[in-house]
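I have placed the structure first, in the form of structure tokens, so that the comments after it can refer back to it.
Throughout, read-outs are computed from the coordinates displayed, never taken from laboratory work. As the structure is a computational prediction, the values presented were derived from the model and not from experiment. Heads up, the Cβs are rebuilt from the backbone with ideal geometry, glycines too, and the neighbour counts pull from every protein chain shown.
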Amino acid sequence: MIRVDRLTVRYGAATALDGVSLSVAAGEMVALIGPNGAGKSTLVNTLCGLRKPAAGTFAVDGKLALVPEGRHLFAPLTVDDNLRLGAWRSGSRDTAHIYALLPELTKLRKRQAGKLSGGEQQMVALGRALMSRPDVLVIDEMSLGLAPRVVAGLAGHLRERNAADGLAVLLIEQNARLALDLCDNAYVLEAGRIVAEGPSAELAGSAEVAAAYLGLEA
Amino acid sequence: MGELAQYLITGVGIGCAYALTGSGLVVIYRVTRVVNFAQGSFAVFAALTVTTLLAGGLPHGLAEALAVLIAGLIGLVVGLVATGKPGTTPQAALIVTLGLGVLAYAIEILLWGDQPRSFAGLPGSVTVLGGRIQTHYLLIIGVTAVVLAATALLFARTDLGKALTATAADPYAARVLGISVLRMGLLAFAAGGALGGLAGVLVTPVQQVSFDSDVALVVNGFSAAILGNLTRPGLTLVGGLLLGVVQALVGGYLSTSYQTEVALIFMLAVLIVRAGRRDVVEAAA
């Protein structure tokens, strides 16, 4: 679904991504963890075509949708409007399948998106991304600022979509415990470089990752 | 009573032109966050174009429609010049529109000279509450009502309108969803151009237009738009009508010399009230 090969992205003289390679296969859930400023959001923006790489290549097979960091909902518009715009590029803007997938949104459909709680907004952002019926979903900081119960609910929805539709997921998270629990494989990005990769269970067992991201003694 | 009715209806008619000009500003600002100082030029250019098209033998209706279309195209070009370069800030684009407005003076003088021009509108007059009113004022009011209602419906009911609002609300998210921010901005400029052009085409039969008539139109249009914080078409309409009526009453009962001053005082009062409210909000925070 996603293949990134030795990708380098620069902001002027600063190198944000330095020879990053990763892949997400069909039906796979992959985590990308790393601290602030590691280059995670730069990778997201590059995959979405919003930033051009200085070197390297990337390819996306199928339809990619993004849940951006900070939700980025259209605050003055209603939930329903936000959802419909999620399918701007596709012909059908029928929101019925999203309300079936995320029934919590049904009662909010006429509410202004800017006036929802953080958890509700993240649910709308997820629904908006799913509107285009993507093959691969990139989620940037899903858990940011949300209560654990809300995050668990969102994670449950992701698992369901992955299991039911084979939706591939690239989950970009600072909450490493969540990301490693949820995803089969993971990459660790630090200062623009992949410093560790492998099955999530193995990475969670690595002393360095445990110490740096899971708050455990090395 | 007849005199008052006459002032009220002519005021509403002129207010409609202000509302159309202001709505053009609002459409552009809502989508691009650019205050388009060339807005008055669209009206003048369209009005002067009609005089040429009519002189060239085109019938009424077609000439006006073509001029509005040309104003829309000019709006598109202004948008392209002002915002086409990636990374242009709204402040920089504002200055570009100001420059283009000045350039428009030179082009208009070159093409049409510096003397005021006009053309015939809807002929005849009607009596309303004892006052004789040119029928053309009713045309201005009717067309404005239909066009502004259509504009409001576009924003409220269509996906295109929602996408225009979304572009202004969060350009990053719009780009992520594949909505072209540049195209939406250009569309807004084209719509703004057409609304400005329509204002000029409608008002010229009752008020002569020359190359510098844009100042009065843009000052009054901006005053109307600022009542709605440059984002709300409904309040812009209210502002335009209020200005038109007050100016007609001032012109009728006092002197026509004070009409522009009324618009400026109105705009100043709104800005002072808004600034005061912001202070209150900030103090509370």
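Taking the empirical scaling 2.2 N^0.38 Å for compact globular proteins as reference, the range A:134-178 has a Cα radius of gyration ratio of 1.13.
Distance from the alpha carbon centroid of the range A:69-111 to that of the range B:64-90 works out to 32 angstrom.
Dipole magnitude for the range A:1-132: computed about the Cα centre from +1 point charges on Lys and Arg Cβ and -1 point charges on Asp and Glu Cβ, it is near 360 debye. Viscosity 1.306 mPa s, temperature 10 °C: what is the translational diffusion coefficient of the range A:53-123 from Stokes-Einstein with a Kirkwood Rh over Cα pairs, rounded to a whole number of µm²/s? Estimated via Stokes-Einstein, D reaches 116 µm²/s. Tell me which of B:T260, B:N220, B:P205 sits at the most positive position along the dipole axis of the range B:184-285, charges placed on C-beta atoms (Lys, Arg +1; Asp, Glu -1). So the residue we want is B:N220. Note on the range A:1-53: Rg/Rh from Cα positions, Kirkwood definition for Rh, rounded to two decimals, is 0.96.
Taking the square roots of 5 times each eigenvalue of the Cα gyration tensor of chain B, largest first, gives ellipsoid semi-axes of 30, 24, 18 Å.
Remark: for residue pairs A:K115/B:K162; A:K52/B:K85; A:K107/B:K162; A:K52/A:K115; A:K40/A:K63, the C-alpha separation exceeds 23 Å in A:K52/A:K115. Within the range B:115-213, the proportion of Cα pairs with more than 17 Å between them is 64 percent.
Springs between Cα atoms under 10 Å define the GNM used for chain A, and in it the highest mean-square fluctuation of A:V138, A:V151, A:V30 occurs at A:V151. Angle of helix B:214-227 to the longest C-alpha principal axis of chain B, folded into 0 to 90 degrees and rounded to 10: 60°. With the alpha-carbon atoms of the range B:135-285 aligned to their principal axes, the span from lowest to highest coordinate is 56, 44, 27 Å, starting with the largest. Pairs of alpha carbons in the range B:217-260 separated by more than 16 Å make up 36% of all such pairs. Residue exposure proxy: A:K40, A:K107, ordered by other Cβ atoms within 10 angstrom of their Cβ from fewest to most, comes out as A:K107, A:K40.
When only Cα pairs below 8 angstrom with a gap of at least 6 residues are kept, chain A shows a relative contact order of 29 percent.
Rg/Rh, computed from the Cα trace of the range A:46-189 with Rh as the Kirkwood radius, has the value 0.95. Farthest toward the positive end of the dipole of the range B:1-136, out of B:Q91, B:L76, B:P59, is the Cα of B:Q91, where the dipole comes from beta carbon charges about the Cα centre. Cβ-to-Cβ counts within 10 Å put A:L116, A:L144 in ascending order as A:L144, A:L116, the fewest first. The C-alpha radius of gyration of the range B:160-222, expressed as a fraction of 2.2 N^0.38 Å, stands at 1.51.
When you restrict to C-alpha pairs under 8 Å that are six or more residues apart and normalise by the size of the range B:1-136, the relative contact order lands at 35 percent.
Average partner chain C-beta neighbours within 10 Å, per residue of A:41-51?
The per-residue average across the peptide is 1.
Principal-axis analysis of the Cα atoms of chain B puts helix B:159-169 at an angle of about 70° to the longest axis.
With a cut-off of 13 Å on the backbone N, no residue of the range A:136-167 is near the modelled label site 7 Å out from A:T106 along Cα-Cβ. So who's got an amide H within less than 5 Å of the one on A:G19, skipping anything under 5 residues away but keeping other chains? H placed 1.01 Å off N, in plane. Placed amide hydrogens put A:L7, A:T8, A:V9 under 5 Å from A:G19. At q = 0.22 Å⁻¹ the log10 of I(q)/I(0) for the range B:58-122 amounts to -1.01, computed by Debye summation with a single uniform scatterer per C-alpha, solvent ignored. This ranking places B:Y172, B:Y7, A:Y99 by how few other beta-carbon atoms lie within 10 Å of each, fewest first, which gives B:Y172, A:Y99, B:Y7. If a spin label sat at a point 7 angstrom from the Cα of A:H157 along the line to its beta carbon, the backbone N atoms of the range B:163-207 nearer than 18 Å would be those of B:177.
Counted by Cβ distance under 13 Å from A:L102, the other residues give a net charge of 0, where Lys and Arg count +1 and Asp and Glu count -1. Annotation: the range B:102-165 has a Kirkwood hydrodynamic radius of 15.6 angstrom, from the mean reciprocal C-alpha pair distance. Once both labels are positioned 7 Å from their Cα atoms along Cα-to-Cβ, the gap between A:A13 and B:L271 label points is 4.2 nm.
Of B:T21, B:T231, B:T89, the residue with the greatest mean-square motion in the GNM of chain B, using alpha carbon springs below 10 Å, is B:T89.
Please report the net charge: other residues with Cβ closer than 14 Å to the Cβ of A:A26, K and R +1, D and E -1.
Neighbour charge sum, excluding A:A26 itself: -2.
The share of alpha-carbon pairs in the range B:57-190 lying farther apart than 23 Å comes to 55%. Across chain B, the relative contact order, built from alpha-carbon pairs under 8 Å that are at least six residues apart, equals 39 percent. Geometric descriptor of the protein assembly as shown, per residue, is 186 Å³ (volume of the convex hull of the Cα atoms). Between amide H atoms placed 1.01 Å from N, distances below 5 Å from A:M29 occur with A:V169, A:D184, A:N185, all of them 5 or more places distant or on a separate chain. FRET efficiency for the pair B:R183 and B:A149, taken as 1/(1 + (r/R0)^6) with r the Cβ-Cβ distance and R0 = 30 Å, rounds to 0.75. With a 10 Å cut-off around each Cβ of B:164-176, the average count of Cβ atoms from other chains is 6. When only the Cβ of Lys, Arg, Asp and Glu is charged (+1, +1, -1, -1), the dipole of the protein assembly as shown relative to its Cα centre reaches about 700 debye.
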